[in-house]
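*Asks:* Below is the structure I would like to discuss, written out as structure tokens.
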Amino acid sequence: MLVFAIKTNFRYNTRYSLNIIMETIILVQKSTTRNIIMLFLIALMILAMTSCSKNSGPMPEPTPPTPTPAPTPIFVTYTGTGLDPMGICSDSLGNIWTANMKDNSVTKITQDGKMTTYTGTGEKPEKIVYDGSNVWTCNAIGNSVTKITQDGQMTTYAGTGEEPVGIVYDGHSIWTCNLFDNSVTKITQNGQMVTYKIPSEMGMGPMGITFNGVNIWTVNDDCSVTEISPNGEMTKFGLLPNGQVNIVSDGTNVWVANFGYPSVTRISPLGEMKNYDLGNTHITPLGLTYDKVTKCIFTINSSTWETDGNCSITRVDQNGVVTTWAIPLQNDHYAICSDKFGNIWVAGSDETSNSVTKITLPK
């Protein structure tokens, strides 16, 4: 009977349990004093258990574990390039090259940061590109390009359009976009040149140039892109207002950095456009690159906060997922490229920086 009373306590309320206790006491009222004391102690235990069961409530939910912070990139800065590295590219050996505008030079940087600077390019080399063997600069003053071998031998060819500010390799020839006379120039490996004017209705002020595997594309100061076919046919596509500053191709589409907006725009070969918000209204993309290893677009961003001079880097992956990381650098870093190992490199752009930063991203 006592066992029955204890079990009943876990099923019913306190009042019913007390009734069971009283009935039990009546049944053993002729028992010895010792038995009565035992019954009294058992009753107290039942009351205590009833009180605990009534007031404890449900078991609390376990505290979820603290999430592991997302891994951050590794930044390594190497100083000692030529003055004012405005352009940057990588070669097939894993070396990085900068075009240094203020001392007419290029700097070759190994993966561990060893630098060799070669002087003697045309005046004010603004951008640089690799053609599979040599690197080439477009020289904004003097309307020329310079071909540089791996050991620093240089040949300068004059005769491009006026003020070449962008350069690209199409697998056979070098192309420049020429800001002041609204043109593009095709340059053979031995320096022969043909310049094609861009009609004003097809775009004004070409500031950057790329090749998507079929056609040449320029991004223009009038918020447009111009597609130029091998036979010279041109098509213009309008972009967001307030300006675009750089253009790159992923091999099929072209991408532009929307200066004044925290976004990049992907443009299909048919001119179909999709904008990707970089997720922070206080940044603006300055430069961009396509990384063949991860198949992602990367931008180097300036902060629009007046009190915040720091940069950031943003990745847009194949699914359109956007990730931004702060960079411990200043806003004057905007030349960006990727290397054969999937690292991202950015170059400083004033004489107080004269450096490159290698960014190893989390896997």
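*Asks:* Can you pull out the residues in segment 82-104 that are assigned to a strand (DSSP E or B) and either surrounded by fewer than 24 Cβ atoms within 10 Å (Cβ to Cβ) or not polar (S, T, N, Q) (or both)?
*Replies:* Across segment 82-104, the qualifying residues are Pro85, Met86, Gly87, Ile88, Cys89, Ser90, Ile96, Trp97, Ala99.
*Asks:* While we're looking at this one, here's another question. Looking only at segment 268-293, which residues are in a strand (DSSP E or B) and within 24 Å of Val346 (Cβ to Cβ)?
*Replies:* Asn275, Tyr276, Asp277, Ile283, Thr284, Pro285, Leu286, Gly287, Leu288, Thr289, Tyr290, Asp291
*Asks:* Where residues in segment 215-264 are out of contact with any Phe, Trp or Tyr (no Cβ under 7 Å at 6 or more places or on another chain) and among the acidic types (Asp, Glu), which of them is surrounded by the fewest Cβ atoms within 10 Å (Cβ to Cβ)?
*Replies:* Filtering first and then ranking leaves Glu233.
*Asks:* Still on this structure, I have one more. Say we look at segment 165-194 and pick out the residues that are among the aromatic types (Phe, Trp, Tyr) and touching a residue at least 24 places away in the same chain (Cβ under 8 Å); which of these is surrounded by the most Cβ atoms within 10 Å (Cβ to Cβ)?
*Replies:* Trp175
*Asks:* Now a separate question. Report, ordered by the first and then the second residue, all pairs with beta carbons closer than 7 Å, sequence separation of six or more or different chains, a first member in segment 140-154 that is free of Cβ contacts under 8 Å to residues at least 24 places away in the same chain, and a second member that is of a type in the set (Lys, Arg) and not in a loop (DSSP other than H, G, I, E, B).
*Replies:* That search, which allows pairs on different chains as well, returns Ile141/Lys124.
*Asks:* Residues Thr218, Thr226, Thr176: which one is under 28 Å from the mean Cα position of the chain (by Cα), assigned by TED's automatic domain parsing to the domain that holds Gly87 and over 26 Å from Pro85 (Cα atoms)?
*Replies:* The match here is Thr226.
The values are calculated or read from the model by the stated rules, or taken from the named source; none is laboratory data. Computed from a prediction, not measured in an experiment: that's the story for all the values here. Heads up, the Cβs are rebuilt from the backbone with ideal geometry, glycines too, and the neighbour counts pull from every protein chain shown.
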